[in-house]
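Here's the structure, in structure tokens; my notes come after.
The values are calculated or read from the model by the stated rules, or taken from the named source; none is laboratory data. Here the structure is a predicted model, which means the values were calculated and not measured. So basically every Cβ, Gly included, is an ideal-geometry build from the backbone, and we count neighbours across all protein chains shown.
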Amino acid sequence: MDWGTYASNAVVSGNSNGLLNVMDNYDKVKEFFAINLDAFIIAASLKYFGMDNIDSQPTINSFEPALKSATKTDKRKWLHEQISNLLDKFVMDGVSDLQSIHNELATPPPPRTEHCCRQPSCDKKFVYVKCLLRHELQVHGLELPSPVIAPEHSVDSKEKENVDADEIYEYGCLTLSLGLLLRDADDAVKEGDGERLSRVWKFLTFLYRVGGNNKYALAGLRLTASHLALLSPRQSHQLKWNRTAAAESGPGKRISRDLMVENNNLTAKGEIKALGFPNINNESIIKATRSTGSLQKILKMSNDDLGLSKRHTHHANKTRQDVFNRVLNQVHKQAAVFAYSPGRQYASFPGLKPIFKSINRKQLHSWIKRHKTKWHRQNRNFYRK
């Protein structure tokens, strides 16, 4: 068994919810995904601080004795520095490539090199070497130049990279990177932070593109283009800050607008169904749907007054803490995911590498340029205004 993987952790912890079909059991799968991510975060922290378990003392990157008497500001600064170093070590690997990709896309392509004909009396120039060689052979009878024999090499660069890589370690880093990105997106929605949500979508655009989810990648690219160019400043502001709605009062209680619409539709369908088939007509449907918002508030107040708690989706025979401890033991002890050791790999994930390093820069540039040109033509009248 591939110890430390998501599926293995779900089996070992006895949490069958984690292996359900996510399309039909989103909340149950999401709950175990969160537990699994927490275990990876703690496992990476234990490795960073040189700790054997959560009860042991740090042996490296430890809290300096002088900081015990320092101000809260200094303590907070030290903590933020350690978190930043931890992220650079386990999470941000490969993300730095995005900056080089950005610089490459922003830099105009160099002018094409022209190749001159080898015949002294001929002044023709060619962009493509193949066309040059054909011209020289057919017009001037010049033979092809002798091929350059490449020196022999013992190990191919890709093969050497695979030998030196630790794919189990890469799996742990990838789990942290994607998990924290999704958690950041979820938290940005809860807080109604449109600016942060826009930044998250820039990362998601690359991930969807690499994963072959072209429709979602195009949606992310369109969102960024809308913020930067396609919409007016007023419309761009509305798009950025009106993507969530307050389901309840208080901080961290917002949800995405499309989810709120889905909840309203579900309540409205229940109201219409309760009318009975003989009573369903346009007038009764309009009355029922207009009362949907008020009905949802009444139901929530009734549930709060009666003390009705939400149904828990975790495994009936396991507490959340017990599941977490089992998963942490698998990740930190059994699999030693973050203990770098070249040559390790999972049978289920052969050839694993940082996802951002899988980006084909030439294809990405062509894809962005094609849609940018298309949207520019569609919005020509807007620019003229």
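Within the range 238-261, how many residues are closer than 19 Å to Leu223 by Cβ and exposed (fewer than 13 other Cβ atoms within 10 Å of the Cβ)?
Summing the residues that are closer than 19 Å to Leu223 by Cβ and exposed (fewer than 13 other Cβ atoms within 10 Å of the Cβ) in the range 238-261 gives 3.
Sort out which residues of the range 8-20 are buried (at least 19 other Cβ atoms within 10 Å of the Cβ) and among the hydroxyl-bearing types (Ser, Thr, Tyr), and write them in order of number.
Selection gives Ser8, Ser13.
Name the single residue that is nearest to the chain's Cα centre (by Cα) among those in the range 332-365 being part of a helix (DSSP H, G or I) and modelled with pLDDT of 90 or more. Walk me through it before giving the result.
Of all residues in the range 332-365, those part of a helix (DSSP H, G or I) come to 332-334, 355-358, 361-365.
Going one step further and asking which of them are modelled with pLDDT of 90 or more, we end up with 332-334.
Numbers: His332: 24, Lys333: 27, Gln334: 27 Å.
Per the stated criteria, the residue is His332.
Pairs please, first residue from the range 114-130 and touching a residue at least 12 places away in the same chain (Cβ under 8 Å) and farther than 16 Å from Glu143 by Cβ, second anywhere and aliphatic (A, V, I, L, M) and part of a loop (DSSP other than H, G, I, E, B), Cβ atoms under 7 Å, 6+ apart in sequence or on different chains.
What qualifies is Glu114/Val127.
Take Arg234 and tell me if it is surrounded by 13 or more Cβ atoms within 10 Å (Cβ to Cβ), part of a helix (DSSP H, G or I) and basic (Lys, Arg).
Working: surrounded by 13 or more Cβ atoms within 10 Å (Cβ to Cβ): no; part of a helix (DSSP H, G or I): yes; basic (Lys, Arg): yes.
In short, no.
Is there a residue being under 19 Å from Ala7 (Cβ atoms), in a helix (DSSP H, G or I), touching a helix residue (DSSP H, G or I) at 6+ places or on another chain (Cβ under 6 Å) and modelled with pLDDT of 95 or more anywhere in the range 44-55? Steps first, please.
First, pick out the residues of the range 44-55 that are under 19 Å from Ala7 (Cβ atoms): none.
The answer is no, given that none of the residues of the range 44-55 is under 19 Å from Ala7 (Cβ atoms), in a helix (DSSP H, G or I), touching a helix residue (DSSP H, G or I) at 6+ places or on another chain (Cβ under 6 Å) and modelled with pLDDT of 95 or more.
Under the condition of being of a type in the set (A, V, I, L, M) and surrounded by fewer than 15 Cβ atoms within 10 Å (Cβ to Cβ), which residue from the range 21-35 is farthest from Leu174 (Cα to Cα)? Break it down into steps so the answer makes sense when it comes.
Here is the first cut: in the range 21-35, the ones of a type in the set (A, V, I, L, M) are 22-23, 29, 34-35.
Right, trim to surrounded by fewer than 15 Cβ atoms within 10 Å (Cβ to Cβ) and you get 22-23.
Values: Val22: 20, Met23: 22 Å.
Across the range 21-35, the extreme among qualifying residues is Met23.
Just to be sure I understand the filter: pairs with C-beta atoms under 6 Å, separated by 6 or more residues or on different chains, first member in the range 288-303 and closer than 14 Å to Asn263 by Cβ, second member surrounded by 12 or more Cβ atoms within 10 Å (Cβ to Cβ) and β-branched (Val, Ile, Thr). Which pairs pass?
Between residues of the range 288-303 that are closer than 14 Å to Asn263 by Cβ and residues that are surrounded by 12 or more Cβ atoms within 10 Å (Cβ to Cβ) and β-branched (Val, Ile, Thr), the close pairs are Thr292/Thr267; Gln296/Thr267.
Any chance the range 222-234 includes a residue that's among the small types (Gly, Ala, Ser), without any contact (Cβ under 8 Å) to a residue 24 or more places away in the chain and farther than 30 Å from Ser366 by Cα?
No, every residue in the range 222-234 fails to be among the small types (Gly, Ala, Ser), without any contact (Cβ under 8 Å) to a residue 24 or more places away in the chain and farther than 30 Å from Ser366 by Cα.
Say whether the condition of being assigned to a helix (DSSP H, G or I) and either among the basic types (Lys, Arg) or at pLDDT 95 or above (or both) is met by at least one residue in the range 60-68.
Let us first name the residues in the range 60-68 that are assigned to a helix (DSSP H, G or I), namely 65-68.
Narrowing further to those that are either among the basic types (Lys, Arg) or at pLDDT 95 or above (or both): 68.
Within the range 60-68, one or more residues are assigned to a helix (DSSP H, G or I) and either among the basic types (Lys, Arg) or at pLDDT 95 or above (or both).
Considering each residue of the range 26-52, count those that are in contact (Cβ under 8 Å) with a residue 24 or more places away in the chain and either more than 21 Å from Phe338 (Cα to Cα) or among the polar types (S, T, N, Q) (or both), and give that number.
5
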